[in-house]
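The values are calculated or read from the model by the stated rules, or taken from the named source; none is laboratory data. Remember, it's a predicted structure, so these values are computed and weren't measured experimentally. Counting neighbours? That spans all protein chains shown, and the Cβs are built from the backbone with ideal geometry, glycine included.
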Amino acid sequence: MVAALDSRLSAAETVALRKIAGTMVPADAVLGMPGADDPAILDDIVRSTGRDLPLVREALVAIAAKSGGAFAEMDQDTREGLIKDWYASGGAAAIALGRVILGAYYRDDRVLLALGHEARAPFPKGYVLEQGDWSLLDVVRDRQPFWRDDRVVPIEDR
């Protein structure tokens, strides 16, 4: 039962994540872009933490420590500066936090539409790509194999 409880962000962690996400990607009314702290986007962020949950938690703790526990009370410019400073040395936790926030943000239909894209997944409808020069691969095709061929042979064929 502890593992099930540990697989979700707590209410306090979600509040902290909302403030951080909104700082990293603020709303822009002029462009019609919601911030990453928008309720629908935040819900997607929380749902999509998955395997990154331990690193996201590490990021939340590190940002709280760097701010002395007062991140939410800071003005926008101070929060941005704090995250920028932390992000440069935040390592895997910073990468995971950015990936989770930006992944959810750019999945939002409103964001896609504001950027001039269709609000849909790229597949199965797909996109037409300009054909390149396939002859560029001839060098690779003509090269001798440089890997070992260690295919597993079934026991009955030995």
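So if I check each of Ala40, Ala27, Ala11, which one is at pLDDT below 95 and farther than 21 Å from Ala92 by Cβ?
Sole residue among the options that is at pLDDT below 95 and farther than 21 Å from Ala92 by Cβ: Ala11.
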Note to self: Against the definition (part of a helix (DSSP H, G or I) and either on the phi > 0 side of the Ramachandran plot or under 16 Å from the mean Cα position of the chain (by Cα) (or both)), how does Glu80 come out, yes or no?
What the structure shows: no
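Table: residues versus (1) touching a Gly at 6+ places or on another chain (Cβ under 8 Å); (2) within 22 Å of Asp43 (Cα to Cα); (3) at pLDDT 95 or above.
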| site | (1), (2), (3) |
| --- | --- |
| Val61 | no, yes, yes |
| Tyr87 | yes, no, no |
| Leu97 | yes, yes, yes |
| Leu112 | no, yes, no |
| Gly116 | no, no, no |
| Tyr127 | no, no, no |
| Gln131 | no, no, no |
| Phe146 | no, no, no |
Looking across the range 53-71 at residues that are in a helix (DSSP H, G or I) and free of Cβ contacts under 8 Å to residues at least 40 places away in the same chain, the single one that is surrounded by the fewest Cβ atoms within 10 Å (Cβ to Cβ) is Ala65
